[in-house]
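Before any comments, here is the structure.
The values are calculated or read from the model by the stated rules, or taken from the named source; none is laboratory data. Remember, it's a predicted structure, so these values are computed and weren't measured experimentally. Here the Cβ is made from the backbone with ideal geometry for all residues, glycine too, and neighbour counts use every protein chain on show. Accessible surface is based on the protein model in full, side chains and every heavy atom, while ligands, DNA and RNA are left aside. Shrake-Rupley method; radii C 1.70, N 1.55, O 1.52, S 1.80 Å.
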Amino acid sequence: MPALVPADPAVLHPMPGQPRVVLLKPLVTSPLIEVGEFSYYDDPDDPTAFETRNVLYHYGPEKLIIGKFCALGTGVRFIMNGANHRMDGPSTFPFPTMGGSWSAHFDLLTGLPNRGDTVVGNDVWFGHGTTVLPGVRIGHGAIIASGAVVTGDVPDYGIVGGNPARLIRTRYDDEDIARLLAVSWWDWPLAHITEHVRTIMSGSIADLEAAAPRE
């Protein structure tokens, strides 16, 4: 039997002949973006511009954290806290950012609401054109429907859709979700994942538990 060879998490374009697909971990350079192995973005235009085209208003210090094995469809956008404007006065326009003497009033832009880091779990699937607002937490195994605008947290293995996104259902009941989280297949050694790809993709939860590495 030939030796099993894992995929390479350091390859920028993992699919031969498909430059529209990039692995994000070897792509990103910003210290404010953390991505786990094998999470990918698919875009027919320029997927390598992910940091500037898909992560917007990211002036810091909050982070965007994306787990392992996430699938990001074309046009996924993460709106970061830098998008906030004042809303407690007559105008929402950010005059101090435009320069000139207006910049002397920069204190008017400090202390705006900040919802903190945006955190995406492992094995999350984002459909085409989804938008994630600042400070959202998306659980492991979630599915974000195409065009969804995610304004609040998404539970583990939840399926959400709409604008604003609402929970449609969960993929499993609470007991089975707890079992899946206990297995945490995404943290298995890569060689072990390679050996059990078919179980991870199409097996039952019991099959997955049986395949888990032994201590």
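Just one of (1) farther than 22 Å from residue 189 by Cα; (2) touching a Cys at 6+ places or on another chain (Cβ under 9 Å) fails for residue 38. It is (1). Checking the stated criteria, residue 13 turns out not to satisfy the condition of being within 28 Å of residue 84 (Cβ to Cβ) and surrounded by 14 or more Cβ atoms within 10 Å (Cβ to Cβ). If the condition is being in a loop (DSSP other than H, G, I, E, B), without any contact (Cβ under 8 Å) to a residue 24 or more places away in the chain and closer than 21 Å to residue 123 by Cα, then region 13-43 contributes 13, 15, 25, 26, 28.
For region 168-186, the set of residues classified as open to solvent by 50 Å² or more (accessible area, probe 1.4 Å) and either aromatic (Phe, Trp, Tyr) or touching a residue at least 60 places away in the same chain (Cβ under 8 Å) (or both) consists of 172 only. With respect to residue 163, determine if the residue is within 23 Å of residue 41 (Cα to Cα), assigned to a loop (DSSP other than H, G, I, E, B) and open to solvent by 80 Å² or more (accessible area, probe 1.4 Å). Criteria met by residue 163. Scanning region 76-94 for residues that are touching a strand residue (DSSP E or B) at 6+ places or on another chain (Cβ under 9 Å) and open to solvent by 20 Å² or more (accessible area, probe 1.4 Å) gives 77, 79, 82, 83. Residues considered: 48, 52. Of these, the only one that is in a helix (DSSP H, G or I), β-branched (Val, Ile, Thr) and closer than 30 Å to residue 189 by Cα is 48.
Criterion first (open to solvent by 30 Å² or more (accessible area, probe 1.4 Å), closer than 24 Å to residue 135 by Cα and of a type in the set (D, E, K, R)) does residue 53 satisfy it? In short, yes. Scanning region 97-150 for residues that are within 16 Å of residue 57 (Cα to Cα) and over 27 Å from the mean Cα position of the chain (by Cα), we see that the one that is most open to solvent (accessible area, probe 1.4 Å) is 98.
Is there any pair linking a residue in region 195-212 that is within 17 Å of residue 7 (Cα to Cα) and β-branched (Val, Ile, Thr) to one that is open to solvent by less than 80 Å² (accessible area, probe 1.4 Å) and at pLDDT below 95, with Cβ under 8 Å and at least six apart or on different chains, and which? Every condition considered, no pair remains. The set of residues in region 79-103 that are of a type in the set (Phe, Trp, Tyr) and within 23 Å of residue 131 (Cβ to Cβ) contains only 93.
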